[in-house]
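Written below as C-alpha cells is the structure these notes are about.
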Amino acid sequence: MSALVPLGRVRDRSREVAGRWMPAPLRAMREEIDARLAELPTTLNEYGVDPFGYDPRYAAPYLLPALFFYRYWFRVATHGIERVPSGRVLLIANHGGNTFAFDGAMLAMALLLEARPPRAVRGMAEYYLPTIPFFGTLMHRTGSVVGTPRNCEQLLERGEAIMVFPEGERGFVKTYRERYQLQRFGLGFMRLALETDTPIVPIGIVGSEEQSPGLVRSRWLGRLIGAPVAPITLTMPWLGLAGMIPLPVKFQIRFGEPLHFEGDSNEEDAEVERKVDVVKDAIRGLIAEGLEARRGWFA
C-alpha cells in the first residue's frame, strides 16, 4: 500500500510545477508573495492552518491578482505605515467601493508588502457573507472571520492585526454625491479596544470612492443577491460581471498615530461614542490630507 502524501507537500509540488509555466513577471510576483508569507509571525499548526482556518498557502494564489491591483492597477501609495505597532492592533478605516472591497484588499496588501515585518491583516466580515455559496471557505482560508466579539478577542489574544470598517455596508454602498462623507460608526470596535487594552490605528483611504462611482443604493437588488443593499453604478449591472472591474484610480492609504483609550467597555453608548468620535475625526483628517495631496482620480 502506498503511503499518503501530506496535502501541504502536494500543494507545494503543484505550485512548483505551475511556477515553471508562469511568465517571468508573474513568477517574480509569486516569489515575492511567498517570501513575504514566509516571514509572517502568525502561528500555524502542523497542517499549516491557524485555529480560524487561515492557510497562507491556500491564500497565496489569491494574493497574486491582489498584488497586481496593488502595484499596477491602483498604484497604491502608503504614508505612515511605520506607525502600526507590533502585536495586537485594531486598524480602523473608512469604507467605500460599491462593487468589491478593494479598500480592504489593498490595506491588507500594504501590511503584507510594506510593513517590516509583514503582517497578515485579519478582516471582520459581515454575518451574511459566509452564507454566499463557496465564499465562506474562501473567506476563512484567506484570513477573514465573522465579526463576532469572541472571534475578535481571540485574534487579539494571539497578537493579530484586525481590520475594521465601522461604517459597514452604510459606508461600502454609497452614491458618488456621498463620497468621503463618513457614515455612522458602530461602537463595537471601541468596546473591544477598551476590554482588551488594544491600540487603535486610524486609517484614511482615498481612491475607493472613485473605483466604481455609485448612482443608487438599491435594497430591491440587494434582496436578489442576499445582501442588505446593493449598488447601481456606472457599470453595474449594465455590463454584467465586467461591471465589477474597477476604474484604475490611484489609491492612497494614510496611517495615523496609534490611539490609546481607557475606560469601561460596558460604559453607556453616549460615553463610548465620544471616544469613537476621536477616531472618526482622525480618519476624517487623514482623508482630507489625501484629497488635498492628489491631483485627480488617476494621479
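The values are calculated or read from the model by the stated rules, or taken from the named source; none is laboratory data. Note that the coordinates shown come from a computational prediction; the quantities given were computed from them, not determined experimentally. Using ideal geometry, Cβ is built from the backbone for each residue, glycine included, and neighbour counts are taken over all protein chains shown. Note: accessible area is taken over every heavy atom of the protein model, side chains too, but ligands, DNA and RNA are not part of it. Shrake-Rupley method; radii C 1.70, N 1.55, O 1.52, S 1.80 Å.
Odds and ends about this structure:
- The chain: C-alpha pair distances exceeding 25 Å, %: 50 percent
- Expressed to the nearest 5 percent, the antiparallel share of DSSP beta bridges inside the chain is 35 percent.
- The stretch 116-255 gives an Rg/Rh value of 0.97, both radii derived from C-alpha positions and Rh following Kirkwood.
- Electrostatic bookkeeping for Pro166 treats Lys and Arg as +1 and Asp and Glu as -1; over the other residues with beta carbon under 11 Å from its beta carbon, the sum is +2.
- Once the 1.4 Å probe is applied to the protein heavy atoms, the chain comes out at 51 Å² accessible per residue.
- Accessible-area value, Arg150, 1.4 Å probe, nucleic acids and ligands omitted, Å²: 120 Å²
- Nitroxide proxy distance, nm - points 7 Å out along Cα→Cβ at Asn266 and Asp34: 5.2 nm
- Accessible area of the chain belonging to carbon and sulfur atoms, whole % at 1.4 Å probe: 58 percent
- A simple spin-label model places the labels of Arg27 and Leu259 4.8 nm from each other, with each point 7 Å out along Cα-to-Cβ.
- Dipole moment magnitude, nearest 20 debye, the stretch 88-230 about Cα centre, only Lys, Arg, Asp, Glu C-beta charged: 260 debye
- Burial ranking of peptide ranges 212-222, 161-171 (average Cβ count within 10 Å, highest at the top): 161-171, 212-222
- The rule of thumb for compact globular proteins, 2.2 N^0.38 Å, goes into the C-alpha radius of gyration of the stretch 40-192 1.02 times.
- Close amide-amide hydrogen proximity is noted between Ser218 and Ala230, Ile232, each under 5 Å apart and 5 or more residues distant or on a separate chain (H modeled in the peptide plane; Pro and chain starts excluded).
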